[in-house]
Amino acid sequence: MTKIQVLDPETVNQIAAGEVVERPASVVKELLENAIDAGATSILIDVASDLAGITKIRVTDNGEGMTPEEAVLAFHPHATSKIRDIADLSAIKTLGFRGEALATIAAVAEVTLVTRPRGAAALAGARIVVRGGEVVEKSEVGAPEGTTVVVERLFYNTPARRKFLKSRNTELAHIYAVVENLALAHGDVAFRVVHNGKERMGTQRSGGLLNAVAGLYGADLARALISVEGRLPFLAIRGYVSRPSESRGNPSQVVISINGRSITSRQIAAAIREGYGTLLPKDRYPVAFIDISIETGLVDVNVHPTKREVRLSREPEILAAVTAAVAEALVGHDLARDVPAEPVQQQIVVPEPGPEPRPAVGEVEASYTARHRELALSDKQLRRTEGTGAENLLPAMEPVGQVAATYIVAEGADGTLYLVDQHAAHERVLYDQVTEQRDAGAGSQELIIPVVLSLPPKESAALRDAIPLLTGEGFVMEEFGRDTFAVRAVPAALGAVEDPETVRETIADFLAGESRTAPDRREAVTCIVACRGAVKAGARLTHDQQKRLLAQLARTKTPWTCPHGRPTVVAFDKRRLDGIFRRR
Ligand code: ADP
Ligand code: MG
């Protein structure tokens, strides 16, 4: 009696069928899945190629192996040891279950399989050669425990399929990607890839996910990752995500596995990104390695022949849990510490000696009133956001001064030097407040003097269309002449600013941006209001104003970045300063 059985036709009919072997990487995937299912802890992938393409794939594992009878059966279509009948389909714990991979591969290539069951006598191994689906050789041999499968002359009898293969390097890249994904989903298995005799990648056994990441992408990336954990009664989320500063232009580095199966899921990738909220700019994606264990009954893997897609029961709960786990991991993490070190300026600039230019009397007067107005506006803007937030999330810091009227220089208790982008910082404060008020349904604040806008026809058409949306966000406005609008009230969060220029700029931004059509227009309006209502870059601030701004920033939920994902605070700790001055 063997473990492997041929499935009955009824069960076969229930299985999502289709081609599984479309390129060399598909062969590698199926062989690796078999090795993992066989309980291997160490897997070697040896690939050979010539200029024309991949010539040979050999996968060796130290798994449970097969008896000679099982080895022959394994090549039968629908022969599997992993499920027995339809009922088993609803709770699959293995990566394979269709019993088709070996049969399909052997139909389009020459396959040599050498295997010996764990614990069997050393000479009880079997060697089987299958070509074009026919067993052409069968012998008993001495073999190590485990299984080796060699695939050669892939697609030799299907020229059409061969024609679709891409360059050798592209096919190799696909193979590496397959190994990477499975290695990440199985941190407890050692993977080693050799190409034409050269070691190409490797992970260690029992290293866990973080070690697999270090092995595949380097220790620097692994060190910079933040650990994520989440739990519901029926699932556990584990993994690592990058700090916002380590973002990428596309989602290719969002790696997801469910119950050890490497999968693609736009929904889960989106849920991970959602956990970053405004920590990431719209067009950036994090680096993430997320592994989810779910009760097998809730995961349907029988959706697609390549098994890269799964269907989840209770998907909304699972997605929400992923988002929450990522958000929780990021909140309270000292995200500023990791701002990449800029190359240190080695130049020393000697100031030119010369007389200080002295302004004429009239200029002093004019600049005094301008400065007064500037300070008064900043004051209004800061007063607006006074007394919000609760918990203090930033280290204590005392402002020392301002650089370029844009960056606040501050000192931390431990001698850390902080640079704070004043506009970005206040934008964060205001954004949080506007969001809160918006969600609490806070309405509008009437302007004492309505702001009048005269617009070119095209823009006024756009504004006319947008009035219902803007009204929903707390603006009250009407058209009272040809292409002329009166704004009578603004969202409460913008209200106290009462600066007509700010109101005009906010509406101009709204009309100029893609926000009118963006999927989340409310969010777009909030961002604009936050940006326009915030203390400006280039505005000189008094010591007291700087202090207030830092205090307000510290009480936001995510003080380290502005709503567009740019940093608000950059820290240079004492050690780094010492390093710059070579005191160490
Ligand atoms: P599936 O993995 O869907 O069951 P396959 O055609 O990939 O179908 O494999 C058929 C059977 O051969 C498996 O169910 C398993 O019992 C056996 N098998 C395949 N590869 C290995 C291996 N590396 N080690 C041990 N058994 C294997
Ligand atoms: Mg399989």
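We did not get these values from a lab; they are worked out from the coordinates using the rules stated. The shown structure was predicted, so the numbers you read here are calculated from the model rather than taken from an experiment. Reconstructed Cβ throughout: ideal geometry from the backbone, glycine too, with neighbour counts over all protein chains shown.
The table for this structure:
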quantity: Relative packing of peptides 233-239, 557-563, 267-273, 165-171 - highest average C-beta neighbours within 10 Å first; calculated: 557-563, 267-273, 233-239, 165-171
quantity: Other-chain or far-sequence residues with amide H under 5 Å of V476's (modelled H); calculated: R488, A489, V490
quantity: Sorted peptide list for 104-114, 475-485, 209-219, criterion being average Cβ within 10 angstrom, highest first; calculated: 104-114, 209-219, 475-485
quantity: Zone residues, the stretch 1-36, relative to I86, backbone N less than 17 Å from point 7 Å out along Cα-to-Cβ; calculated: 7-17
quantity: HN-Hα J in Hz across the stretch 467-482 - Karplus 6.51, -1.76, 1.60, θ = phi - 60°, x for Gly and Pro; calculated: 3, x, 5, 5, 4, x, 8, x, 7, 10, 8, 8, 8, 10, x, 4
quantity: For the stretch 79-105 versus the stretch 267-337, the gap between their alpha-carbon centres in whole angstrom; calculated: 27 Å
quantity: Chain lengthening between T170 and A440 when straightened (0.36 nm per residue, less Cα-Cα); calculated: 91.9 nm
quantity: Helix-only mean residue ellipticity at 222 nm for the chain, each DSSP H run of n ≥ 4 adding -39500 (n - 2.57), per residue, nearest 500; calculated: -10500 deg cm²/dmol
quantity: For L312, net neighbour charge (Lys/Arg +1, Asp/Glu -1) across residues whose Cβ lies under 11 Å away; calculated: -3
quantity: Cα lying deepest toward the dipole's positive end in the chain, options A404, N392, S313, charges on Cβ; calculated: A404
quantity: Modelled FRET efficiency - R0 30 Å, R575 with D379, Cβ distances, 0.05 increments; calculated: 0.20
quantity: On Cα atoms only, tilt of 422-439 relative to the major axis of the chain in degrees; calculated: 80 degrees
quantity: Under 5 Å, built H, 5+ apart or other chain: amide partners of S49; calculated: T55, N196
quantity: About the Cα centre, charge dipole magnitude for the chain (Lys/Arg +1, Asp/Glu -1 at Cβ), debye; calculated: 1040 debye
quantity: DSSP bridge orientation in the chain - percent antiparallel, rounded to nearest 5; calculated: 90 percent
quantity: Two-site FRET efficiency, E134 against K282, from Cβ-Cβ distance with R₀ of 60 Å, rounded to 0.05; calculated: 0.60
quantity: 3J(HN,Hα) from dihedral phi, the stretch 377-383, Karplus parametrisation 6.51/-1.76/1.60, rounded to Hz, x for glycine, proline; calculated: 5, 4, 4, 4, 4, 6, 4
quantity: FRET E, pair R308, S454, Förster distance 56 Å, beta-carbon r, rounded to 0.05; calculated: 0.50
quantity: Simple label model, 7 Å out from Cα along Cβ direction - H543 to A121, nm; calculated: 9.2 nm
quantity: Sorted peptide list for 139-147, 311-319, criterion being average Cβ within 10 angstrom, highest first; calculated: 139-147, 311-319
quantity: Net charge dipole size for the stretch 203-297 [Lys, Arg +1 and Asp, Glu -1 on Cβ; Debye, nearest 20]; calculated: 100 debye
quantity: Gain in span if fully extended, T296 to R464, counting 0.36 nm per residue against the direct Cα distance; calculated: 55.2 nm
quantity: Stretchable slack from R584 to A413, in nm (0.36 nm times residue separation minus alpha-carbon distance); calculated: 59.5 nm
quantity: Top positive-direction residue, dipole computed over the stretch 21-122 with Cβ charges, set V114, I45, A103; calculated: I45
quantity: On Cα atoms only, tilt of 521-533 relative to the major axis of the chain in degrees; calculated: 40 degrees
quantity: Length-normalised contact order of the chain in % [C-alpha pairs under 8 Å, at least 6 apart]; calculated: 12 percent
quantity: Between helix 543-554 and the chain: long-axis angle, C-alpha atoms, 0 to 90°, nearest 10; calculated: 30 degrees
